[in-house]
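All remarks here apply to the structure that follows.
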Amino acid sequence: MLRRRLPLWAIPLLWTLALGLWGISRQDSVWRDEAATWQVARRSAGEIWHMLGQVDAVHGLYYLLMHTLFEGFGPGTTVLRLPSVLAVAAAAACVTVMGHRLAGARAGLAAGLALGLLPAVQFHLQEGRPYALVMAGSALSTLLLVTVLQGRGRAVHWAAYGCVVLVCALLNWLSLLILPAHAATLMWTKAERRVWTRWSVAATAATAGVLPLILFSRTQSEQVSWIPPLTWHALIGPAVLLAIGGLGVSLDRPRAGRLSVAAVGLPLLAVPQVGLLGLSLIKPLFLDRYVLFSMLGLTLLIGAVIGAAVRVVGPRFPRAVPWLVPAIVSVAVVALLPQSLATRSPASRVDDVLSAAANVRKLKRAGDAVVFIPAARRDTQLVSPDAFAGLRDIALAQSPTASGTLKGEEADPERIRAAMLEQRRIVLVTDVPEVARPVSAKRDIVKNAVLREYFEAVADEQVRGRRVIVYERRDHKP
């Protein structure tokens, strides 16, 4: 009955919305990457623009979007993550339409329902970062390309294609890796010269539009200096995905020159992964979230596999056909339930900013000082300023807003040392030992040395990856 009342694409859309809304607050936790979104979104548009000149220009459009939402609805975990939920739901609808057109209704339905179940997608389904939005735009641009290749396209479709690719690139310019994937599809299907010309114009216009951002963001490349070089271990994930993709292609039985699930899905899965691996040989950049949109290709191929299974089973067991897709999805839900529950728990992320803020609120006393090791842990205060009311940030020389940075500018080490020695109690916000990186900044080395030599810990709370320690001054003077 539901299938008769709703268009096919609406079923995966509603299904994915339900998956996204399930446990969206993640037990009222926010981790460090989302904390960056939260604290920047609370700044004014002018302050955000000032910050983009110093750091994070690559996420500028996303920050302005989240600023608008925070202004309209107020900061909160639901407002932070709902754009990603809506984006993945829209991507599921697009995948369903593509799968339906290329391989039939059941293949399309299976592909759309599968998208929100993929572990990588489930992680970013409820993430206050731009990667789900990029995936939604990539799904729409691919659907527009399929529309054109099926002979349904007009000039407005090419204009929309170029605009969508541009917006995706402004959210994260590595999404331009979808262009060589689409070019591979055009080659596979032996597209006409007219199609190649119009695609080239749209792709060139989108690339030109984002080129200033690409060039400028390269001046801020220090932000990704923490990404490790490629290792053989890093290649396991892409290799497994490509193997699964190869299985889908074999079942789809593609023919050169024919538009098929394989012609669209395999390049969409493989080319961004391989392209990012290639870029990482020049500069380490490989993080799976940067090519999250490649999962669209995987779901299309999964849909093709399930569609092929239905065609095999159908003639022998016709009564079972309507139940095959629901049964397969149900089995997948049960099999992935432990992973789904884990993803929706605070333990699925490195740390939790809000739990640390709650501990500060519990342990602080009026007039206490506060220090952060490393300085990036100041995000705890920026996300929950009320929890730090009455505390003095004695290492801070210039606030994050004034300095146009994410963590502010701290004083020189000697001034920090002098300020700490004037205190009777200091609240330290840092990482738990299991996730803490070795201290290398001179300011942080000085902070640790002063605390170790002149103070003793009187309270220590560790929860969800962050640690709050209260130090009191020993009786002897320096």
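Using the Cβ of Val313 as centre and a radius below 12 Å, the other residues enclosed give a net charge of +4, where K and R count +1 and D and E count -1.
The alpha-carbon positions of region 1-78 define a convex hull whose volume is 123 Å³ per residue. Label positions at Phe216 and His50, each projected 7 Å from the Cα along the C-beta direction, are separated by 1.7 nm.
Probe radius 1.4 Å, ligands and nucleic acids ignored: give me the carbon and sulfur share of the accessible area of region 270-362 as a rounded percent. Kindly include the intermediate steps, with their values, before the conclusion.
Working: 3150 of 4300 Å².
C and S atoms contribute 73 percent here.
Counting only DSSP beta bridges whose two residues both lie in the chain, roughly 70 percent are antiparallel. In region 1-158, the portion of solvent-accessible area held by carbon and sulfur atoms comes to 63 percent [1.4 Å probe, whole percent, DNA, RNA and ligands not counted].
Under the simplified labelling scheme, the Ala459-Ala205 pair shows an inter-label distance of 6.0 nm, with each label point 7 Å from Cα along Cα→Cβ.
Please say if region 392-435 is rounded, prolate or oblate, where rounded means a/c under 1.5 for a ≥ b ≥ c the square roots of the C-alpha gyration tensor eigenvalues, and otherwise the choice is prolate for a/b larger than b/c and oblate otherwise? Working shown, then result.
Values: a/c = 2.06, a/b = 1.08, b/c = 1.90.
Since a/c reaches 1.5 but b/c is at least a/b, the shape of region 392-435 is classed as oblate.
Taking only DSSP H segments of four or more residues, each worth -39500 (n - 2.57), what value at 222 nm results for the chain once the sum is divided by all its residues, to the nearest 500 deg cm²/dmol? The partial results should precede the final answer.
Working: 21 runs with 288 residues, N = 478.
Taking each H run of at least 4 residues, the total per residue is -19500 deg cm²/dmol.
Annotation: extensible slack from Thr231 through Thr68 equals 54.7 nm (criterion: 0.36 nm per residue apart, minus Cα-Cα distance).
Please report the relative contact order for region 330-434, taking Cα pairs under 8 Å with a sequence separation of at least 6, and give it as a percent rounded to a whole number. Contact order relative to length: 29 percent.
Net charge around Val95, counting only other residues with Cβ within less than 14 Å of its Cβ (Lys, Arg = +1; Asp, Glu = -1)? Provide the component values of the computation, followed by the final result.
On the way: positive: Arg101, Arg106; negative: none.
Net charge in that neighbourhood comes out at +2.
What shape does region 90-225 have by the C-alpha gyration tensor, where a ≥ b ≥ c are the square roots of the eigenvalues, rounded means a/c under 1.5, and otherwise prolate means a/b greater than b/c and oblate the rest? Oblate is the answer for region 90-225, as a/c is 1.5 or above yet b/c matches or exceeds a/b. Amide H to amide H distances under 5 Å link Ala397 with Glu409, Glu410, Ala411, where only residues 5 or more positions off or on other chains count and H is placed in the peptide plane. Across region 301-389, the mean sequence separation of Cα contacts (distance under 8 Å, 6 or more residues apart), normalised by length, yields a relative contact order of 22 percent.
Computed from Cα atoms alone, the Kirkwood hydrodynamic radius reported for region 278-328 is 13.6 Å. Taking every alpha-carbon pair under 8 Å whose residues sit at least 6 apart, the chain reaches a relative contact order of 17 percent. Counting only protein heavy atoms and a 1.4 Å probe, the chain has 45 square angstrom of accessible area per residue. Label separation (Arg5 vs Leu337): 2.7 nm, computed from points 7 Å beyond Cα along the C-beta direction.
Can you give the accessible area of Thr204 in Å² (nearest 10), computed on protein heavy atoms with a 1.4 Å probe? Approximately 90 Å² of Thr204 is accessible to the 1.4 Å probe.
Per-residue extension of 0.36 nm, minus the Cα-Cα distance of Val313 and Asp475, leaves a gain of 50.2 nm for this segment.
The values are calculated or read from the model by the stated rules, or taken from the named source; none is laboratory data. Nothing here was measured: the structure is a model prediction, and the numbers come from that model. Glycine also receives a Cβ, built like all others from the backbone with ideal geometry; neighbour counts cover every protein chain displayed. Note: accessible area is taken over every heavy atom of the protein model, side chains too, but ligands, DNA and RNA are not part of it. Shrake-Rupley method; radii C 1.70, N 1.55, O 1.52, S 1.80 Å.
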